[in-house]
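Reading through the structure tokens given below for one structure.
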Amino acid sequence: MDLMGMVNQAIQMTDTEADNGIMGTVLGVLNDTPVDNSKIGSIASALQQVLQNQGDASSLMTILQTVVATGVVDQLLASEQVSAIATQVGVEPEMVSNITPIIAQFLTKGSNSQGDGLLNKVLSGEVDLGQMANLISMAGQFM
């Protein structure tokens with residue numbers, strides 16, 4: 001199964017919040033966000049490393065849901081982590097802060113309250129968040 005197949009399988013699970021429009025929603029938000037699409041995948045990859053270091057999916061779900069609801073990344077990323085990711089990718093810290101809630105929304109919509117689904121696939125490395133984000137941003141160029 002290819003990467004998008006795994007992502008689609010995860011977000012179509014019956015116990016997740018996702019619906020058929022989640023990809024379109026993410027693409028729409030990315031298109032309306034003042035960010036450089038070529039950097040989104042690199043931010044997502046760096047964010048995946050942070051998530052993998054933070055522990056299990058169930059403990060991350062509440063934090064990710066808060067990030068989605070508020071748009072504030074403080075509970076997920078310390079300001080030093082935001083700065084480190086920005087420096088690593090070569091963007092302003094604001095871009096990291098703008099992109100992270102979008103990625104968090106995608107992960108929470110594709111996972112149930114225990115984090116089963118997309119978040120588990122990302123934490124295990126089965127789905128590469130950077131590659132996924134690059135595919136989504138590339139698709140956005142054709143919409």
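Listing for the model above:
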{"quantity": "Complete set of residues in the range 82-96 that are part of a helix (DSSP H, G or I) and surrounded by 19 or more Cβ atoms within 10 Å (Cβ to Cβ)", "calculated": "VAL82, ILE85, ALA86, VAL89, MET95, VAL96"}
{"quantity": "Check on SER111, touching a helix residue (DSSP H, G or I) at 6+ places or on another chain (Cβ under 9 Å), within 16 Å of GLU17 (Cα to Cα) and either of a type in the set (S, T, N, Q) or crowded, with 21+ Cβ neighbours inside 10 Å (or both)", "calculated": "yes"}
{"quantity": "Residue check for LEU60: in contact with a helix residue (DSSP H, G or I) (Cβ under 9 Å, 6 or more places away or on another chain), at pLDDT 90 or above, in a loop (DSSP other than H, G, I, E, B) and surrounded by 20 or more Cβ atoms within 10 Å (Cβ to Cβ)", "calculated": "no"}
{"quantity": "Odd one out for PRO34 among (1) surrounded by fewer than 18 Cβ atoms within 10 Å (Cβ to Cβ); (2) closer than 17 Å to GLN105 by Cβ; (3) modelled with pLDDT under 70", "calculated": "(2)"}
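The values are calculated or read from the model by the stated rules, or taken from the named source; none is laboratory data. Just so we're clear, the structure is a prediction, and the values are computed from it rather than from any experiment. When we count neighbours, we look across all protein chains shown, and the Cβ atoms used for this are built from the backbone with ideal geometry, even at glycine.
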